[in-house]
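Okay, structure first, notes after.
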Amino acid sequence: MKSKSRKHIIVYLLLAVLAVIMVIPFVWTILTAFKTQSEALKVPPQILPSSWSFRNFEAVTEALPFANFFWNTFLMVFFRVLGSVFFSALAAYAFARLEFPGKNIFFAVILMQMMVPGQIFILPQYMIVSKLGWLNTVQALVLPGIVSTFGTFLLRQFFMSLPKDLEEAAVLDGCSIWKTFWKIMLPLTKPGLVSVAIFTALFAWKDLMWPLIVNMSIEKMTLSSGLATLMGQYSVDYPQLMAGSLIAIVPMVIIFLIFQKQFVEGIATSGTKG
């Protein structure tokens, strides 16, 4: 028993140390947001600001159109989540429960996309968006994330874990393939749908490279790309950058606090199904 308790103590101490390491950057961001530029650049570092003032928040909101940033980011996240969940569910159900020629080959091609860096697809995606005339539009932000390879793979595992008796009973009752999918199978994969929605929303909210490439107009930028404009070529106003970063993460923190249970259940279940 003593050996087990010692092991537990060691594990808890290790987890506590890792938790502190993860929290330090966030705490430093908060402290820097209230400092002056000279205080932020001091060596050795100055931990606490001399005076707690909101001047950096006022300056960054005056310099950047945060209302536009939030609206563009919301639209991008909303439509990416909606499209990713819907299309991933359709593809996953087809690969998991239907039989058609070349199914394994097509699924292997999908898995191959997960094995290569996403930057490889930026050039063809940019050419498609440019040909459609969608540069500097919200559509350009949504298009690359409307289908999720990871979501298709994850939901396929959920569909494969469901018993075949459900489909057989639905067929005997006269249900079509679409009705079987929509009314019977899809509601049973709710944890998987939540997981895909969570990951898609997180990836979309922090997406930086693609919004910087397709939208050059400041009014069409998202939060991440808009904050990147604060990075000068030779100098950076770190207090204002940190203040803008805090403003950007507030909505995600609020959403997490409201849907904390769904976040934890969705992520935890994604690792146990299939």
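The values are calculated or read from the model by the stated rules, or taken from the named source; none is laboratory data. Note that the structure is predicted; figures quoted are calculated from it, not measured. When we count neighbours, we look across all protein chains shown, and the Cβ atoms used for this are built from the backbone with ideal geometry, even at glycine. Heavy atoms of the whole protein, side chains included, go into the accessibility calculation; ligands, DNA and RNA do not. Shrake-Rupley method; radii C 1.70, N 1.55, O 1.52, S 1.80 Å.
Straight-line reach from Lys164: taking Cα to Cα under 14 Å and skipping same-chain neighbours fewer than 8 places apart, the aspartates and glutamates in range are Glu99. What shape does segment 130-274 have by the C-alpha gyration tensor, where a ≥ b ≥ c are the square roots of the eigenvalues, rounded means a/c under 1.5, and otherwise prolate means a/b greater than b/c and oblate the rest? Prolate. Distance between the C-alpha centers of segment 160-183 and segment 86-116? Whole Å please. Cα centroid to Cα centroid, the span is 19 Å. Above 17 Å lies some portion of the pair distances; for segment 54-106, what is it as a whole percent of all C-alpha pairs? Percent of Cα pairs beyond 17 Å in segment 54-106: 62. Partner aspartates and glutamates whose Cα lies under 15 Å from the Cα of Lys42, excluding those fewer than 8 positions away in the same chain, are identified as Asp237.
For the chain, modelled as a GNM whose springs connect Cα atoms under 10 angstrom apart, the maximal fluctuation among Phe159, Phe66, Phe259 occurs at Phe259. For the pair Trp28 and Gln139, a Förster radius of 41 Å applied to the C-beta separation gives a FRET efficiency near 0.65, rounded to the nearest 0.05.
Under the criterion of Cα pairs below 8 Å and six or more residues apart, the relative contact order for segment 1-145 equals 19 percent.
Coordinate range of the alpha-carbon atoms in segment 84-216 per principal axis, descending: 55, 28, 25 Å. Between the exposed loop cleavage positions of the chain, defined as trypsin sites (Lys or Arg not before Pro) in a non-H, G, I, E, B DSSP state with at most 14 neighbouring beta-carbon atoms within 10 angstrom, the longest gap is 43-205.
Indicate the gyration tensor shape class of segment 1-138 (rounded, prolate or oblate), computed on the Cα atoms with a ≥ b ≥ c the square roots of the eigenvalues: a/c under 1.5 is rounded; otherwise a/b larger than b/c is prolate and the rest oblate. Oblate, since a/c reaches 1.5 and b/c is not below a/b. Using a probe of 1.4 angstrom and keeping all protein chains present, the accessible surface of segment 1-64 works out to 78 square angstrom per residue. With all protein chains kept in place, the per residue accessible area of segment 134-241 amounts to 51 square angstrom at a probe of 1.4 angstrom.
Please compare each pair in Lys103/Lys179; Lys131/Lys179; Lys220/Lys261 to a cut-off of 27 Å on the Cα-Cα distance and tell me which ones are over it.
In this structure, Lys131/Lys179; Lys220/Lys261 exceed 27 Å between Cα atoms.
Pairs of Cα atoms nearer than 8 Å and 6+ residues apart set the relative contact order; for the chain it is 31 percent.
Only aspartates and glutamates eight or more places from Lys183 in sequence, or on another chain, were considered; those with a Cα closer than 13 Å are Glu167, Asp173. Starting from the Cα of Met127, move 7 Å in the Cα-to-Cβ direction to define the label point; list residues of segment 73-114 whose amide nitrogen is under 11 Å from there. No residues fall inside that zone. Spherically averaged projected area of the convex hull of Cα atoms, the chain: 21.6 nm².
For segment 126-274, relative contact order (Cα pairs under 8 Å, six or more residues apart, normalised by length) works out to 33 percent.
Working note: 222 nm ellipticity from helices only, DSSP H runs with n ≥ 4, each -39,500 (n - 2.57), summed and divided by the residues of the chain, gives -21500 deg cm²/dmol to the nearest 500.
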